[in-house]
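K.L.:
Pasting in a structure now, in structure tokens, and then I'll have a few things to ask.
Each value in this text was obtained by applying a stated rule to the coordinates, not by laboratory testing. Keep in mind the model is a prediction, meaning the values are calculated, not measured. Here Cβ is always computed from backbone atoms with ideal geometry, including for glycine, and neighbour counts include all displayed protein chains.
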Amino acid sequence: MDTRLEHGVGMTVSVRMAPTLPLRFLLMIYGVYSADWGVSYSPSHICALNDSSVTMTCTYTYPTGYQIINVFWTKVLIHGLDPPDLSEDPEYSQRLQYLGDKQENCTVRLSHVTQKDSQMYYFRFTTNIPEGKWIGKPGVTLTVTDLQVESPERVTEGDSVRLTCKSSCTLTDGATFIWYRNSQPLTERRDRSDELLLQSVRREDAGRYSCAVHGHSHISPAVYLNVTHAPKSVSVSVSPSGEIVEGDSVTLSCSGDSNPSAEIIWIKGGTFVGSGRIYSLSKISSDDSGEYKCKSRNKHGERYSDAVTLNVMYPSRRVSVSIIQSGDHIWEGDSVTLSCSSDSNPPALNFSWFKRGAFVGSGRIYNISKISSDDSGEYKCKSRNQHGERYSDAVTLNVMSERCVSWSLGFGVGVIVGLGGASAALIVLYIR
């Protein structure tokens with residue numbers, strides 16, 4: 001009789017019978033196949049991280065007196081064909097390490113696993129008896145997973161936020177989770193919880209979050225946590241930053257921290273003057289001098305910047321001369337004061353006086369004490385600061401030589417005016 005048997009958990013035991021054998025030999029064959037054959041996996045389901053190493057712990061048993069000839073792991077079962085040895089598969093040969101023996105330990109390690117390795121794996125052994133073969137099935141189910149961070153897309157400052165480090169299956173090893181923000185570890189403390197709780201979140205908590213399991217190189221893809229908040233740290237900068245002279249072009253820039261982006265408006269002395277992050281003044285004039293501030297506003301609130309002052313420098317202008325005298329007329333011997341005034345920034349400190357184009361003095365005030373007829377004429381002043389100079393219009397001093405005398409006559413009014421100190425007099429009569 002020719003007998004051929006294949007053993008396996010869940011497999012059908014088939015017997016092909018030849019001509020009848022003696023009873024003693026039949027009893028021997030029965031004893032072979034009723035012995036203890038088996039493969040045990042612990043655990044039978046493994047969940048592992050991408051790029052990690054997986055150890056599939058395994059033991060096997062067979063009847064006493066048999067000698068193990070061949071042991072290997074496989075993942076393919078085809079009815080009627082011998083399964084292939086994984087160690088001869090190019091995809092596995094460099095990653096598979098058999099840690100067992102040819103007695104009872106069939107443990108194997110598979111390194112750098114990927115999601116393509118998610119399979120059921122089986123251990124098979126053969127003995128020195130052609131019919132003494134065994135494959136342990138069902139085998140070990142390996143699931144390879146990635147880590148993913150689950151978080152809300154957008155939160156508002158002050159909210160509490162819970163981030164979860166998720167995988168498609170429960171990791172077989174007791175996982176200790178590590179959290180990163182912008183690729184930097186958040187804390188040295190390691191936690192067996194797969195959740196990260198941020199209480200009263202701040203805008204500084206915004207960033208790219210990822211998670212990992214201690215002892216493994218795999219890090220989850222980063223997820224951006226967007227923390228929205230009202231405008232903060234609003235300020236104004238001026239360019240150019242130095243002295244501003246009339247005719248220059250000046251740019252005011254409003255900056256601040258806000259999420260979402262803020263609307264910007266500009267205020268000068270309490271009056272709206274423009275909008276947008278940039279406020280430009282081309283060919284600036286003295287009328288543009290004053291205090292400026294910007295207001296930043298989004299749906300969460302608004303904030304003003306501190307005020308900045310624009311002080312526009314300009315040369316002297318609107319230069320004029322005023323005459324300070326005691327009466328309506330200027331007489332010889334009187335004291336006369338000429339005062340020069342101007343509009344300039346910075347205020348003019350240099351004043352010059354001219355009579356008929358000739359320089360006669362300096363200073364904002366020009367005094368003539370005991371004026372004479374020789375002092376009659378046109379006077380003007382020149383006002384100057386570091387940005388320019390300007391002349392006033394001319395004023396005329398008309399110095400009279402004697403007092404006017406008037407009297408009444410019975411038939412009219414007469415006026416005698418001395419001419420040049422001469423004794424002769426001009427009498428003007430007005431006849432009623």
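K.L.:
With the calculation restricted to Cα positions, what are the radius of gyration and Dmax of the stretch 276-341 in angstrom?
P.N.:
Expressed in Å, the Cα Rg and Dmax of the stretch 276-341 come to 24.2, 79.
K.L.:
If R₀ is 25 angstrom, what is the calculated FRET efficiency for the pair Ser160 and Tyr304, using the beta carbon separation as r and rounding to 0.05? Before the final figure, lay out each step's value.
P.N.:
Working: r = 30 Å, r/R0 = 1.21.
Once the sixth-power term is evaluated, E becomes 0.25.
K.L.:
So which GluC sites (Glu not before Pro) in the stretch 129-196 pass both tests, a DSSP loop state and at most 16 other Cβ atoms within 10 Å of the Cβ? Mind showing how you got there, number by number?
P.N.:
Values: sites: Glu131, Glu150, Glu153, Glu157, Glu188, Glu195; in loops: Glu131, Glu153, Glu157, Glu188.
Answer in residue order: Glu131, Glu153, Glu188.
K.L.:
Right, something else. Once label points are set 7 Å from the Cα along Cα→Cβ at both Leu197 and Phe359, what is their separation, rounded to one decimal in nm?
P.N.:
Taking the two extended label points, one gets 8.6 nm.
K.L.:
Lysines within cross-link reach of Lys283: Cα-Cα under 30 Å, excluding same-chain residues under 8 positions apart?
P.N.:
Lys268, Lys293, Lys295, Lys382
K.L.:
State the Cα centre-to-centre distance between the stretch 216-240 and the stretch 119-191 in whole Å.
P.N.:
Between the Cα centres of the stretch 216-240 and the stretch 119-191 lies a distance of 31 Å.
K.L.:
If you don't mind, there's one more thing I want to ask. Rounded, prolate or oblate: which one fits the stretch 113-238, using the alpha carbon gyration tensor with axes a ≥ b ≥ c (rounded when a/c is under 1.5, else prolate when a/b beats b/c, else oblate)? Provide the component values of the computation, followed by the final result.
P.N.:
On the way: a/c = 4.05, a/b = 3.87, b/c = 1.05.
Because a/c hits 1.5 or more and a/b exceeds b/c, the stretch 113-238 counts as prolate.
K.L.:
Asp36 versus Ser376, label points 7 Å from Cα toward the beta carbon: distance in nm?
P.N.:
Inter-label distance under the simple model: 14.8 nm.
K.L.:
Quick check: pseudo-label points 7 Å beyond the Cα along Cα→Cβ at Ile78 and Ser322, how many nm apart are they?
P.N.:
Label-label distance for Ile78 and Ser322, simple model: 11.6 nm.
K.L.:
Can you give the FRET efficiency for Gln148 and Arg277, using 1/(1 + (r/R0)^6), R0 = 41 Å, r = Cβ-Cβ distance, to the nearest 0.05?
P.N.:
Details: r = 37 Å, r/R0 = 0.91.
Efficiency for this residue pair is about 0.65.
K.L.:
Within 10 Å of each candidate Cβ there may be at most 13 other Cβ atoms; applying that plus a DSSP loop requirement, which trypsin sites (Lys or Arg not before Pro) in the stretch 197-283 survive? Display every interim value, and only then the final one.
P.N.:
On the way: sites: Arg202, Arg203, Arg208, Lys232, Lys268, Arg277, Lys283; in loops: Arg202, Arg277, Lys283.
Within the stretch 197-283, the qualifying trypsin sites (Lys or Arg not before Pro) (loop, at most 13 other Cβ atoms within 10 Å) are Arg202, Lys283.
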